[in-house]
Amino acid sequence: MFVDATASIVNLSPCFGLKSGYTHRFSRVSFKCTRTAADSSVVESNDPVKVNGVESLNKRVESLKDAERIGSYKSRLKEEKLEPLWDDGYGTQSVKDYLDLAKEIIKPDGGPPRWFCPIVADGNDDPLPDSPVLLFLPGIDGLGLGLILHQKSLRKVFEVRCLHIPVYDRTPFEDLVTFVEETVRLEHALFSTRPIYLVGDSFGGCLALAVSARNPTIDLVVILSNPATSLNRTQLQPILPLLEFIPDSVTATIPYLLSTVMGDPIKMALVDAEKSLVPNFEKLLDNLRYLLPRLSGLTDIIPKETLVWKLKLLKSAAAYTNSHLHAVKAEVLLLASGKDNLLPSGDEAERLSRELANCKICYFKDNGHTLLLEDGINSLTVIKGKLKYRRSRKHDFVKDYLPPSMSEYKSGLEIIRWFQFATSPVMLSTLEDGKIVRGLSGVPNDGPVLLVGYHMLLGLEITPLVSEFLREKNVMVRGLTHPEVFAMNSQSGLQEFSYIDLMNVFGAVPVTPINLFKLFSSKSFALLYPGGAREALHQKGEEYKLHWPDQPEFVRMAAKFGATIVPFGVIGEDDVAELVLDYDDIMKIPFLNDYTRKRNEEAIRLRTDMEGEVANQNVYIPGLWPKVPGRFYYLFGKPIRTKGREKMLNDRENAKELYMQIKAEVEQSMAYLIKKREEDPYRRIVNRVVNQPISTPLHQVPTFEP
């Protein structure tokens, strides 16, 4: 059962791995660990000298720091960052693996609660340098396998440890709180500038909140999945006391009762069933045939006497946690299910959001209680989308950004599939010799690069642009976005994972000088719209009209880093919708004008130091009339290199001259596209559907000759 333990955590508490593809990284010495209620001692198998469990915290910290240097050295030898479209492994493991591994982990070994490190089978799971620790606190099963669908991706960006509570362990709740608390305090002593993540599933949610309440000065990020704090309001409350008196002859039915109450077998079986527009039903049926007979294994995971104990443990956990909610100061992300048949998780999420000072909800209306084991929930994607991933005290949009994985890219394409199909975007670029070609070969491959262009109505052009750069060049374009977009996603209530969350996953960053500075410093591809909200929310008759300020600051900053500037034009908004109500129209309509005026008073304002039309950044919801969709067309101009021109462009007049040149090239690009699209026989969707198979890749649908 015990295998090589990670040296850096050997003195925390006993760590173990599973034989089924689990091993510990950075291991130079093998350890076997035992712990008794009396002394919490640790024994090294190669040198059976007992280490006193009551040694001072300072000595334990020093020993761990020595071991950490081994890991730090190896960390420096590997890649410092994730590349776009990295393999996060989502869908490669499922509930089947959970049930199979449970057979190993439930074997009695006489041990108390302990941590183990879930390592992926291929061993390729070294986290990024300076990754925070993530402590997973399990639900009523106590196994610690609840992250099995997510462990490969999480292990890339966290030091993951899972709490295992053996089947026959009877440790009281407050002792479990103390056990987790000791680990939290030790980690904080080791790395005081890094946050500590507590991921609590159901019962583990109570445990996470209790630890947080007792440690308000430690930087904790608490992620809760349907926390059991609402146990006193469960629909099963009347029958829970009767479980103790169920005859042994019907005990075998308990697992099936639990499985129907706790989760949705269909969603569990869908995890690794390949999906496009419809699920792979043959794979789904195979998964169900495999999964359902194994539910009887829950009898071994939660036998009758353990279930009775766990329910008592849950009751004390909920009571203790609810009485300490006022002391929770941590940052909390609450994942709540809409079809939780065990707990009223939706209502509880709203209650907790009112009780907790810093709580954000992500609502999954079609999922059951066992949220982390069901299809469609990639925990790292949710953490990224809700801007909860950070390596220091404050989230940094550039340093803490994790590029989309391949599974996130595919999921994103599924969400925008029909929009992409309807607009069938055409990407053109300009080579060094001035020749216009289809595709993005004219855009440099290496950053820093600044894409500067026209902002269409509602910014509809951003999604195809970002996805095409990922597809063709494997490059993540970071779109500089109005801060109000991020503020829109901070509203209370049961918010589902939204399009704005998806924007966060795909690189949106608030438009500020410091963020542009950081993007250039990291040699990123940045996307800037000088026209901002004024262009994206323009008036009638203003399509394809630039509203740029008379300030060339981005040119001067680009020159400081030797960035390449690529001007681009884009057209097509008038081919998908007609603007029927603009800002002036809305302000003439009762009720709507009051709402819009109040909304703008509360909105984040940019360019407050400017005057005139360019400072008009009113936020409103335009009235649109949809059309039979046409195509979007993009033309990226000849790259403008600033490297070697730093001194010249530091002069404001020279920078302004280049700025006006960039603006003129954007206007010329749009004029070119407006003229050339008339030559495109596939401009309208009807012609594309009639003449091209639906399966034709979008970038291969014919268009005009450049």
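The values are calculated or read from the model by the stated rules, or taken from the named source; none is laboratory data. This structure is a prediction, so every number in the text was calculated from the model and none was measured. Cβ atoms come from the backbone with ideal geometry, glycine included; neighbour counts cover every protein chain shown. Protein only, heavy atoms only, side chains kept; ligands, DNA and RNA dropped before computing areas. Shrake-Rupley method; radii C 1.70, N 1.55, O 1.52, S 1.80 Å.
Data overview
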| quantity | calculated |
| --- | --- |
| All positions within segment 98-121 that are at pLDDT 85 or above and among the charged types (D, E, K, R) | Arg114 |
| In segment 681-706, the residues that are in a helix (DSSP H, G or I), β-branched (Val, Ile, Thr) and loosely packed, with under 12 Cβ neighbours inside 10 Å | Val686, Val690 |
| Filter result (touching a Gly at 6+ places or on another chain (Cβ under 7 Å), under 23 Å from Leu143 (Cβ atoms) and outside any loop (DSSP other than H, G, I, E, B)) within segment 307-348 | Ala336, Ser337 |
| Test result for Ile571, at negative phi, surrounded by 20 or more Cβ atoms within 10 Å (Cβ to Cβ) and in contact (Cβ under 8 Å) with a residue 12 or more places away in the chain | yes |
| Strands (runs of 3 or more DSSP E) lying entirely in segment 521-586 (those with 2 or more residues that are within 24 Å of Gln420 (Cα to Cα) and more than 30 Å from the chain's Cα centre (by Cα)) | 564-571, 577-581 |
| Glu678 being surrounded by fewer than 14 Cβ atoms within 10 Å (Cβ to Cβ) and acidic (Asp, Glu) | yes |
| Some residue of segment 202-216 being aliphatic (A, V, I, L, M), surrounded by fewer than 24 Cβ atoms within 10 Å (Cβ to Cβ) and in contact (Cβ under 8 Å) with a residue 24 or more places away in the chain | yes |
| Residue within segment 543-559 that is open to solvent by less than 20 Å² (accessible area, probe 1.4 Å), touching an Asp or Glu at 6+ places or on another chain (Cβ under 6 Å) and more than 21 Å from Arg631 (Cβ to Cβ) present | yes |
| Test result for Ile514, without any contact (Cβ under 8 Å) to a residue 24 or more places away in the chain, among the β-branched types (Val, Ile, Thr), open to solvent by 40 Å² or more (accessible area, probe 1.4 Å) and not in a helix (DSSP H, G or I) | no |
| Residues being among the aliphatic types (A, V, I, L, M) and closer than 18 Å to Lys518 by Cα - total across segment 377-397 | 1 |
| For Ser296: the one exception among (1) modelled with pLDDT of 80 or more; (2) part of a helix (DSSP H, G or I); (3) not charged (D, E, K, R) | (1) |
| Among (1) open to solvent by less than 40 Å² (accessible area, probe 1.4 Å); (2) of a type outside the set (D, E, K, R); (3) modelled with pLDDT of 90 or more, the one test that Thr306 misses | (3) |
| Leu431 vs. criteria under 29 Å from the mean Cα position of the chain (by Cα) and more than 19 Å from Val505 (Cβ to Cβ) | no |
| Segment 320-346, residues that are at pLDDT 95 or above and open to solvent by 30 Å² or more (accessible area, probe 1.4 Å) | Tyr320, Asn322, Ser323, His324, His326, Lys329, Glu331 |
| Test: residue in segment 646-661 that is under 30 Å from Val686 (Cα atoms), part of a loop (DSSP other than H, G, I, E, B) and modelled with pLDDT of 85 or more | no |
| Pairs, first within 15 Å of Ser407 (Cβ to Cβ) in segment 150-165, second in a helix (DSSP H, G or I), C-beta under 6 Å, six or more apart | His150/Ser379; Ser153/Leu380; Leu154/Leu380 |
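Listed here are the residues, each with its yes/no results for (1) more than 20 Å from Glu542 (Cβ to Cβ); (2) over 34 Å from the mean Cα position of the chain (by Cα); (3) modelled with pLDDT under 85.
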residue: Lys588; (1), (2), (3): no, yes, no
residue: Asp594; (1), (2), (3): yes, yes, no
residue: Arg607; (1), (2), (3): no, no, yes
residue: Gly612; (1), (2), (3): no, yes, yes
residue: Gln617; (1), (2), (3): no, no, yes
residue: Gly623; (1), (2), (3): no, no, no
residue: Pro629; (1), (2), (3): yes, no, no
